[in-house]
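Take a look at the structure below.
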Amino acid sequence: MPSAVDEVVALTSALIRIDTSNTGDPDAQGTERPAAEYVAGLLSDAGYEPTYVESGPGRGNVVVRLPGADPGRGALLVHGHLDVVPADPAEWAVHPFSGEVRDGYVWGRGAVDMKGMVAMALAVARQFRRERTVPPRDVIFAFLADEEAGGRLGAQWLVDHRPELFDGATEAISEVGGYSVTLGGTRAYLIQVAEKTSFALRLAAHGTPGHGAMLHEDNPVARLAEAVARLDRHRFPVLLTDPMRQFLTGAGELLGAPFDSDDPEATVARLGPLARLIGAGLRDTANVTMLSAGYKSNVVPSVARAEVDCRVLPGRLAAFEHELVDVLGPGIEAEWRHLPAWETTFDGPLVDAMTRAVTAEDPGARLLPYLLPAATDAKAFARLGVRTFGFAPLRLPPDLDFSALFHGVDERVPVDALEFGVRVLERFLLSS
């Protein structure tokens, strides 16, 4: 009978080969159903009775519960998403939906975000059921749709329409944390304990249309371009949240350069490629991602539009909105929607269980909390009062720029990191 370690690489490859690209179009047919049916079938084969839910056409979600020794304790939720962002095969060294194993890595879209963790959870869930393992408390395994579009047809929908699937859940683990970075010769495992507000901003400038050969003083394309350029140049203020203060203090100790709270960016500058991720956790960000205007090269259009991806630190939403309006200036229409920030503390028995599980497999390692500047399905489960941590354990090579692989070209995960993650996850679930 294969163990979870034996299965995890093959499961990761198989999941990658199922193309679950999510374009973000809420009216498009979902792509998650084949992956959800694959997961449900494997869980059924192991002895579970999975609940399969479609939150929209093709939007498959699978949930199972493994009873624990103490049903009076709060359940632990282990959740992961089945969808991925699109990938252009022409840009990749291997086909992004091949799941190829090469040079000690599993390659493909979702290897990092987050079919590798889905495979780890699935492998451990199957092993526990086959071996009739009883964890200390109930464990809920959830495999979800639509995370890459904010979870509107995945976790958010399930929390609104099927909250009973998560009855009793008090704590959860998922992405983006538990992976190692090497600081001063020591492996530090980053544990996500907070997320920014996800803020989707749409801009529009209106003007007078006309022939492109005429004089124009009311060109909406030019006005919007100026506003977007101002926003791109603008730097929002640095704000030290508790998780980032803890991370930078720990990182400074490991790097032999004590953290100075009056100059946090000095420590960030010593982090190498990790600086992009950590630096984004110190301030709000606003990056223009889409521009659209016009229908012919010799016609000045009546409207120009832009979309901006904004991420806002906890407690900064009202201030960010006021600052945003000031930076954009007059004549720019702005509308927005957002998913809220969340934050927890880096303490308690669950953190102790993470520490024991990681250091049992990697003696001398250190766990450090941090704030994720992006968004995950944790936002949905926070609405149920579930305390969530990013903990998808992976021991990584010191020269791998792991954070760049999220949504990146040639996304891949080391084979031995997946096997390490399964061992850590098994220890963690048996001691949490």
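Each Lys and Arg Cβ is given +1 and each Asp and Glu Cβ -1; about its Cα centre, the chain then shows a dipole of about 380 debye. If you run the Gaussian network model on the chain, springs between alpha carbon atoms under 10 Å, then out of V409, V299, V94 the most flexible one is V299. Here the mean projected area of the convex hull built on the C-alpha positions of segment 1-131 is 9.1 nm². To the nearest 10 degrees, how steeply does helix 33-46 sit against the main Cα axis of the chain, on a 0 to 90 scale? With both axes taken from Cα atoms, the answer is about 10 degrees.
Each principal axis of the Cα cloud of segment 73-172 was taken in turn, and the coordinate range along them, longest first, works out to 49, 34, 17 Å. Once the chain from E361 to D45 is taken as fully extended at 0.36 nm per residue, the excess over their C-alpha distance is 110.8 nm. Projected onto their three principal axes, the Cα atoms of the chain cover extents of 78, 53, 45 Å, largest first.
Using R0 = 45 Å, the C-beta based FRET efficiency linking H95 and H211 works out to 0.40.
Computed from point charges on the beta carbon alone (+1 for Lys and Arg, -1 for Asp and Glu), the dipole magnitude for segment 194-339 about its Cα centre is near 400 Debye.
Stretching H234 away from S261 to a fully extended chain increases their span by 7.5 nm, per 0.36 nm per residue minus the current alpha-carbon distance.
Here, segment 191-331 yields an orientationally averaged convex hull projection of 10.3 nm² when only Cα atoms define the hull. Just tell me which lysines come within less than 19 Å, Cα to Cα, of K196; anything on the same chain fewer than 8 places away is out. Once the sequence-local lysines are set aside, what remains near K196 is K379. A dipole drawn for the chain from +1 and -1 charges on Cβ atoms has a positive end, and of L394, T197, P2 the residue lying farthest that way is P2. For D218 and D160, the difference between the fully extended length at 0.36 nm per residue and the C-alpha to C-alpha distance is 16.3 nm. Reducing segment 18-89 and segment 146-223 to their Cα centroids gives an inter-centroid distance of 20 Å.
Classify segment 274-432 as rounded, prolate or oblate, taking a ≥ b ≥ c as the square roots of the eigenvalues of its Cα gyration tensor: rounded when a/c is under 1.5, otherwise prolate if a/b is larger than b/c and oblate if not. Prolate is the answer for segment 274-432, as a/c is 1.5 or above and a/b outweighs b/c. Under 1.5 on a/c is rounded, so check that first for segment 249-350, then, if it is not, pick prolate when a/b is larger than b/c and oblate when it is not; a ≥ b ≥ c are the square roots of the alpha carbon gyration tensor eigenvalues. Prolate. Simple spin-label model, 7 Å along Cα-to-Cβ: D352 to R130 in nm? Between D352 and R130, the simple spin-label model gives 3.3 nm. The residues neighbouring V62, those whose beta-carbon lies less than 10 Å from its own, together hold a net charge of -2 under the Lys/Arg +1, Asp/Glu -1 convention.
Across the chain, Cα pairs under 8 Å and at least six residues apart give a relative contact order of 24 percent.
For the chain, the mean residue ellipticity at 222 nm estimated from helices alone is -9500 deg cm²/dmol, where every DSSP H run of n ≥ 4 contributes -39500 (n - 2.57) and the total is divided by all residues, rounded to the nearest 500. Scoring 278-289, 112-123, 381-392 by mean Cβ neighbours within 10 Å over their residues and listing the highest first yields 112-123, 381-392, 278-289.
Bear in mind that the values in this text are calculations on the coordinates, not laboratory data. In this text the structure is predicted, and so the values were computed from the model without any measurement. Positions of Cβ are backbone-derived with ideal geometry, glycine not excepted, and every protein chain shown enters the neighbour counts.
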